[in-house]
Amino acid sequence: MLDFEKITLFTDHPTSLGSFRERRLRQFLKEFTPKQLSVESGFVSTWAPETGRISDSQSKQIDCLIFDSNRRQALLQTDDFVIVEPEAIYAAVEVKSSLSFYHEKSPTGKVNEQYPLSEYDGGGYRWGGTFVEALRNIISLSNIMGPNGAGVFKGIFAYSLNFDWRNVYHAFDNDELQRQLQIEHIDQLPQAICVPGSLFMSLSPHDLFESAPHHDASTSFLNYIGTTETSPAYPLQFFTTFYTNQVNVKLTGRMPDAHGLFSANDATVKIWSHHFDLNSRGYEDQ
C-alpha cells in the first residue's frame, strides 16, 4: 500500500497511476503464482469458424491474465501484453485505482437500450462507474471462456472505494445489474472483490459462512467481509487465499490445505451474507 501512495508523489496523471498500480498488482500476484504460469495483461480470444476471424470472438482487455503458455501457445505475446486462447487461462483480475458505483439517468428521460432500467416515475437509468466497467470486462471474459471457464479464478481489485458496498447488493437483489449487463448465471461474475484495508466480497453460489450450504439452483449469494481496526489486512489475505487455492486446484487437481494462508488467528472482522435471485445451477451437489 505504501507503493500505491508513493507513486502519487511523482505524478497525478491518471493513466500513469493506473498503469503503475496494474503492474504492481501483477508483481504481487506473481509471488503467489506457480512458476510455470505467466501473469500479463491482454485478451482472451477464440477462432470464430463462421468468419475465420479471431477478433469476432474476443474478451475485453483484462488487466491481469494468468495463463500457461506451455499448455497452449499464445496467439500473440510481447514483454507485457498477450492474446491467449481460453484453454490456457487459470485466473483473471481486473484492477481499478478506485471503485465507483452510481445511478446514471437517461438524457432523454426515457428507458432505452443504453438505459434499460426504469425509475418509479418511468424515467430510464443505468448503473455506472468503475465497478460496472470491471464487471463488464469479467463478464466478457466469462462469455468467451464458456466451458473452459470452469475453475478459473476471476477477481476485481481496487485500492479505494467511494460508495456504500450495500448498493451493489441492492442492485443485484432488485435484478438491476442482471438486466443491464445480461447476467444469466453466477459463473459470469467475479468470485472475489477486494479493496485492501476495507472489504472483501464474494459473489458465490453458496453462503460463505455455512459449513454445509443449502443450495437453491435459482439463488446466489453476496458474501461480505469488512475490516476492523485490529485486523486491517484480512481482505487482502482472503483475496490472496482464494486466488492461490483456486489456481492450484485447477493446476494440480488437489484440494487446498485447510490451514496455511486460510488461517487468520485472532482476526476480528465484520461479516454479512445474503442471497439474491440468480441462476446457480450446476452447484447443487458441491
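Only the coordinates and a few stated rules stand behind these numbers; no lab work does. Remember, it's a predicted structure, so these values are computed and weren't measured experimentally. Cβ: placed from backbone, ideal geometry, glycine included. Neighbour counts: every protein chain shown.
Please name whichever of Ser98, Pro205, Leu251 sits farthest to the positive end of the charge dipole of the chain, dipole taken about the Cα centre and charges placed at Cβ: Lys and Arg +1, Asp and Glu -1.
So the residue furthest toward the plus end is Leu251.
List, in the order given, every pair from Lys60/Lys105; Lys6/Lys270; Lys30/Lys96; Lys60/Lys96 whose Cα-Cα distance in the structure shown is over 23 Å.
Exceeds cut-off: Lys60/Lys105; Lys6/Lys270.
Across the chain, how large is the tail of the calculated P(r) beyond 37 Å, expressed as a percent of all Cα pairs?
Tail fraction, whole percent: 13.
Is there a quick way to get the dipole size of region 2-277? I mean about its Cα centre, with the Cβ of Lys and Arg at +1 and of Asp and Glu at -1; what is the value in debye to the nearest 20? Don't jump to the answer; show the numbers that get you there.
Details: 22 positive and 33 negative charges, 123 e Å.
Its charge dipole is roughly 600 debye.
Within region 153-193, list the chymotrypsin sites (Phe, Trp or Tyr not before Pro) lying in a DSSP loop whose Cβ has at most 15 other Cβ atoms in a 10 Å radius.
Of the chymotrypsin sites (Phe, Trp or Tyr not before Pro), the ones in loops of region 153-193 whose Cβ has at most 15 other Cβ atoms within 10 Å are Phe163.
Going by average Cβ neighbours within 10 Å, how do the peptides 30-42, 215-227 rank, with the highest at the top?
Most protected by this proxy first, the peptides run 215-227, 30-42.
Residues with amide H under 5 Å of Phe157's amide H, sequence separation 5 or more or different chain, H placed in the peptide plane at 1.01 Å from N; which?
Result for Phe157 returns Glu94, Val95, Lys96, Cys194.
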